[in-house]
Structure formats: structure tokens, C-alpha cells
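Scroll down for the structure; my scribbles are underneath it.
Every read-out reported here was derived from the displayed coordinates using simple, explicitly stated rules and does not represent laboratory data. Everything quoted here is computed from the prediction, not taken from an experiment. Glycine gets a Cβ as well: all are built from the backbone with ideal geometry, and neighbour counts include every protein chain shown.
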Amino acid sequence: MRPAVAMPDVFGCEPAILGGPRAVPQDHADLFAWPIITPDDERAVLQVLRAGTMSGDDVSQLFEQEFAAWQGARHALTFENGTTALLVAMWAAGIGRGDEMICPSMTYWASCLQLFSLGATPVFADIQPDTLCIDPDDIERHITPRTRAIMVVHYCGHPCDMEAIMAVARRHSLPVIEDVSHAQGSLCRGRKAGTFGLVSAASLMTAKSLPAGEGGVLWTDDETIFQRALAFGNYRRNATELTAPDLRPFAGLPLGQIKGRMNQMSAALVRTQLARYDRRIAGIQSAMNRFWDLLEGTPGLRPHRPAAGLGSTMGGWYNPLGHYLPEELGGLPVERFIAAVQAEGGRGGRGCNTPLHLHPMLNAADIYRDGRPTRIAHSDRDLRQGPGSLPVTEALASRCLGVPWFKHDRPDEIALYAAAFRKVALSADKLAAAPA
């Protein structure tokens, strides 16, 4: 139970953007600093550096074992970044030329653009307005004979509705790939994200809640998937660890033509980060939930988090968002709201990704130089999805905003940042009337 903390009384205060006093008199930079680097982290990285084993794999394999145990998986395999880990997951799941993979458009591009390297293409499904994760019902609408897999993204730490998604996948005999880049440690009804699908992968870059500096990891319980992942991008280890009869003849060369290993300074760092990760995300969850609890009842703002009592959590709350309801604030544009929060000394911003299905790269780029858009180069029909095709996704530009990402649960300081948001919300009429 979080201790009660009174939020400063901001009712009637003039907004700072209109000349009033700031809700946050001074910034608390260390409240947000990430990653947290300790002497243990430094010693681990220096040990690799001084040993000259940056391109080895002994430390990486130790992390793989520890991460697999933490995740509850049989196998884990590291890569130089999450983009490669996801590419390997796609190929390992059987995606190839002419295939389609269903995924959300509201995500970072590395959830799907690697498909072009495999001769395949994404088909975008809409999202649920509350979770901002892929909508199971809309997945089913897009399944065709060419669909080879479903990619789910636990967006900004919020777990997907995996029970419904897996039911769709079972009905159509499709593998599910989980992109857990935003959600290491998130729980979906008591079960970790990344334990539902055939294969999962995640980025471990510096900004992620489980940081390696740069890196990626793939994990699975399936021996065939693991063997295919080794064969695709780890030429050194596949020379000795490949046992699958259909893959063994190619041992020693990577079928994906990539050198996918993680730099061991990153592996050393993420090992020490993982050892503290559960404790750290517990603090982050307490802090973020405190922020939203303080804002309960504030007009125009709703938390992006699972409902209480479901056994679901947001992990490390990577890139935390809030739902913005302009109709409760006299139609105040989200950009004006964000500018006012920033003037208060608060931390707010535009949090959502630009929808991929509307980007010219997904509609007009001819990467293969074969005279037609790469999106449909190997398709039997035009798969491009224009404006209006994914209405929930497209509406998010004006209905979400980024909120502070607290790394420590410091009640008095968190209350100041919550006050900045509440003060602006309660001043919406003044802000709407004033010139921008």
C-alpha cells in the first residue's frame, strides 16, 4: 500500500504558460535518469574490455542462461540489437517470400520492416483504444491464406490480450511472435509477457527498461525455433550446436548472411542490470501508479495501465503514456496541453509512434528496384492501407500524450509532477481562450 501524499492545491492557480508560478519549481533530473549504473556494472564491463573478449560469447551465454531462467524459457539467444532478434524470430517462425504477417501499425518500425528482407510484407491490424495493443478481433479480419504469423507488441509496457490472441491463433493454426521490447517483466494476468507465443524477442538498448547499452535477445521453448535462430545469425555457435538434420549441412555459415552476436561489454552490463531488475521495476511501478492515483478524477486524463485486480502490470513502464480526452477539456488540443505542462516544469510530450501504415516507405518505396512498391512486390493483391483503414490507430495522434517516467518512488516529488498535469487540466478554459 503506497503512503498517502497530498498533491499541492493547484485549483485556481494561473497557468505558468500565462504568467503564473510553476507547479514544479525545480527539475529533479535524478528522478528520471536511466540507466542506473553502479560500480558493479562498471567492473563487469571493464573486465570484458581488459580481457579483450568483446567479440567472444562466454559472457553472452551466461546472460542467455540467466535470462532464460528469469523468463522461464528453455532457450535464449542474444543479438547485436532487437531489430536483428526480431528478424531472426520472423525467419525462425517460417516467414518467407510472398508471406504476410499481421501486426499493429502503432509500433516502432522494427516490429515489422525486416519482413522486406525476407520477401514478405506486413498487414496492419487496428488496436484497442484502452490498451493501445493489437485488437484480437481485427487480427481475424485480416487473416488470408498467405498469413504466416501474428506479431503482437506489448505497447509501452501494456500487456496484450494474449488469451484472446492465442485463441485466434489456434483457430487458424498460426504462430504468434511476441515483441517484448517495451515490456520486459510485464505481467499478463499473472504470466510474464513473452511466455505465450512460439517465439519472443526484445530490444535491450540503453533507453529500454532492461538496458544493455545496445543489444537484443530472442527466447523460445521450441527446439526447432532455437535451431533455426542459431542457423540464421550465429555462424560460430551453429558450427558446433546445430543438430537439426535439415540445418546441419549448413553449419559454419549464417543462413541469414549476418553476424548477429552481441558485443560482450553489452552482455556484461545487462547481466548486472538483470540481477537488480525485479527490484527496480517494482519501484518504477509503485512510482508510476502513485502518479496516476494522484490524478484520479482529473478531467481529460486517464492512465494507460491495466485495470486493477487482473494480475497484469506494466513492467518497467517503458515510454509511459496517458489517454487524452480533449472533449472533457473544451477541445483543448493536445499540443497546447503539452506546452502548458512543460511550462509548469512538468515532463510531458508526444508519446505514440507515427502509424506505420500511412508512411510513404510502406506505400511507395521500391527497395528491390523492380518497378513496384516493395510492400506489394511479392503479393497477389494490393495490401496497402490508406487513411481511414485503421480508425482507432489514426485517432491516437490527438488522444495520447507522454507522461513522466519515474525511476524512483519519491512521493513528494512525484506529487509535484502530478500537480503540473492537474493544474493544466483545471485551467483548460483559460488556455483555450488565450492566444497560443
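Relative to the longest principal axis of the Cα atoms of the chain, the long axis of helix 334-343 lies at roughly 70 degrees. Considering only Met166, Met90, Met151, the Gaussian network model of the chain with Cα springs below 10 Å gives its largest mean-square fluctuation to Met166.
Stretched out straight at 0.36 nm per residue, the stretch from Arg97 to Leu18 would grow longer than its current Cα-Cα span by 22.7 nm. Taking amide H positions as modeled 1.01 Å from N, with prolines and chain starts lacking one, the residues under 5 Å from Ile127 and 5 or more places away or on another chain are Asp135, Val392, Thr393.
Taking 20 Å as the straight-line reach from the Cα of Lys208, the lysines in range (excluding those fewer than 8 positions away in the same chain) are Lys192, Lys407. Across the range 110-127, rounded Karplus estimates of 3J(HN,Hα) from the backbone phi angles (6.51 cos²θ - 1.76 cosθ + 1.60, θ = phi - 60°) give 6, 6, 8, 5, 4, 4, 4, 5, 9, x, 10, 8, x, 10, 8, 10, 6, 10 Hz, Gly and Pro being marked x. Proximity of backbone amide H atoms, modeled 1.01 Å from N, is registered between Cys400 and Tyr324 at under 5 Å, excluding neighbours fewer than 5 places apart on the same chain.
Between Ala433 and Asp40, the modelled labels are 5.6 nm apart [label points 7 Å from Cα along Cα→Cβ].
For the pair the range 143-168 / the range 238-263, the C-alpha centres are spaced 29 Å from each other.
Projecting the Cα positions of Asn263, Ala397, Gln285 onto the charge dipole of the chain (unit charges on Cβ atoms of Lys, Arg, Asp and Glu, taken about the Cα centre) puts Asn263 furthest along the positive direction. 3J(HN,Hα) along the range 301-310: 10, 9, x, 9, 7, x, 5, 5, x, 8 Hz, from the Karplus curve 6.51 cos²θ - 1.76 cosθ + 1.60 with θ = phi - 60°, whole Hz, x for Gly and Pro.
The distance linking the range 279-351 with the range 360-383 is 38 Å (Cα centroid to Cα centroid, whole angstrom). Other residues whose C-beta falls under 15 angstrom from the C-beta of Glu344 contribute a net charge of +2, scoring Lys and Arg +1 and Asp and Glu -1.
A simple count of charges around Ala212, restricted to other residues whose Cβ falls under 11 Å of its Cβ and scoring Lys, Arg +1 and Asp, Glu -1, yields -1. Straight Cα distances below 20 angstrom link Lys430 to the aspartates and glutamates Asp9, Glu14, Glu327, Glu328, Glu335, Glu344, with same-chain residues fewer than 8 positions distant left out. Net length available on complete extension from Asp30 to Ser117 is 27.2 nm, with 0.36 nm assigned per residue and the Cα-Cα distance removed.
What is the gain in length, in nm to one decimal, between Arg74 and His359 on full extension, counting 0.36 nm per residue of separation less the C-alpha to C-alpha distance? Answer, rounded to one decimal: 98.8 nm.
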